[in-house]
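A.B. asks: Sending over a structure as structure tokens; questions will come in a sec.
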Amino acid sequence: MFNLTGKHGLVVGIANDHSIAYGCAKAFQRGGAKLAATYLNAKAEPYVRPLAEEVGAELILPMDVEHEGEMEAVFDAIKNQWGKLDFLVHSIAFAPKDDLHGRVVDSSREGFMRAMDISCHSFMRMARLAEPLMHNGGCMLTMSYQGADEVVSNYGIMGPVKAALQSASRYMAAELGPRGIRVHAISPGPLATRAASGIRDFDQLMETAIERSPLHRLVDIDDVGALCAYLVSDGARSLTGGTIHIDGGYNIVRG
């Protein structure tokens with residue numbers, strides 16, 4: 001679909017075969033890229049490793065962004081294996097259940113800070129480690145959602161957190177642009193991923209998206225993967241700083 005031969009990328013966030021990160025990894029492999037992939041912990045490894053091997057990942061490493069040193073170890077391994085990095089996909093998010101299911105105004109300080117650290121600040125930390133490896137420029141992608149731009153029922157504190165992630169992406173694009181490094185937030189429509197399963201009445205969100213979107217269908221992980229493959233390709237070398245919606249047009253319809 002897009003020629004990614006000679007490019008090396010890190011994909012963070014594969015949990016199972018419904019993960020957006022897995023859709024991205026498949027598209028990158030089809031384009032000819034060499035990949036590194038991460039899994040959360042030993043419990044997750046048996047689910048992630050077969051998928052990472054399926055897409056030909058040359059490095060399959062643990063990364064819990066809350067564990068000191070694990071992120072640094074991943075980038076050290078990439079430096080030792082390849083000596084460079086061309087693109088990065090950050091597709092992880094978390095909020096404690098009590099804070100996610102409650103009102104924003106009732107969210108705990110600890111829960112909000114943890115959601116921000118895992119879902120937003122970890123992208124900045126990855127960018128800082130990736131920057132020295134992107135000798136000839138590169139592309140960094142993260143995943144957002146419409147709840148960052150408008151109030152979505154039951155999305156709770158993830159709305160403000162994703163809004164912060166989108167803003168951070170724009171600032172990072174401005175700061176890293178002189179080095180030829182591009183940054184985007186991708187905003188897919190509702191997808192039946194493991195992360196989405198924690199949102200109350202998510203089935204209703206998907207039904208609403210089908211009804212309201214001009215294309216009257218949901219997107220899938222392969223749609224998102226195809227978009228991301230384009231964005232990390234040389235064909236998108238003049239694009240940066242965007243929040244790119246891939247939702248069948250849902251974002252343009254109100255009411």
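The values are calculated or read from the model by the stated rules, or taken from the named source; none is laboratory data. Not measured: the values here are computed from a predicted model. Methodologically, a virtual Cβ is constructed for each residue, glycine included, from the backbone with ideal geometry; neighbour enumeration extends over all protein chains shown.
A.B. asks: Collect the residues in the range 32-63 that are buried (at least 16 other Cβ atoms within 10 Å of the Cβ) and part of a loop (DSSP other than H, G, I, E, B), keeping them in residue-number order.
C.D. replies: If the condition is that a residue be buried (at least 16 other Cβ atoms within 10 Å of the Cβ) and part of a loop (DSSP other than H, G, I, E, B), then A33, L40, A44, V55, A57, M63 are the ones that fit.
A.B. asks: Additional query: Please pick out the residue among R182, R170 that is modelled with pLDDT of 95 or more, farther than 21 Å from R114 by Cα and in a helix (DSSP H, G or I).
C.D. replies: R170
A.B. asks: What do you reckon, is D98 part of a helix (DSSP H, G or I) and modelled with pLDDT under 95?
C.D. replies: Yes: the conditions hold for D98.
A.B. asks: Yes or no: K79 surrounded by fewer than 22 Cβ atoms within 10 Å (Cβ to Cβ), under 16 Å from M134 (Cβ atoms) and modelled with pLDDT of 95 or more?
C.D. replies: yes
A.B. asks: Tell me the residue from G156, G147 that is part of a helix (DSSP H, G or I) and either out of contact with any strand residue (DSSP E or B) (no Cβ under 6 Å at 6 or more places or on another chain) or aromatic (F, W, Y) (or both), please.
C.D. replies: G147
A.B. asks: If you go through the range 13-43, how many residues are among the hydrophobic types (A, V, I, L, M, F, W, C) and over 18 Å from the mean Cα position of the chain (by Cα)?
C.D. replies: Summing the residues that are among the hydrophobic types (A, V, I, L, M, F, W, C) and over 18 Å from the mean Cα position of the chain (by Cα) in the range 13-43 gives 1.
A.B. asks: Being out of contact with any helix residue (DSSP H, G or I) (no Cβ under 7 Å at 6 or more places or on another chain), outside any helix (DSSP H, G or I) and of a type outside the set (A, V, I, L, M, F, W, C) is the filter; apply it to the range 64-84 and report the residue that is nearest to A95 (Cα to Cα).
C.D. replies: Result: H67.
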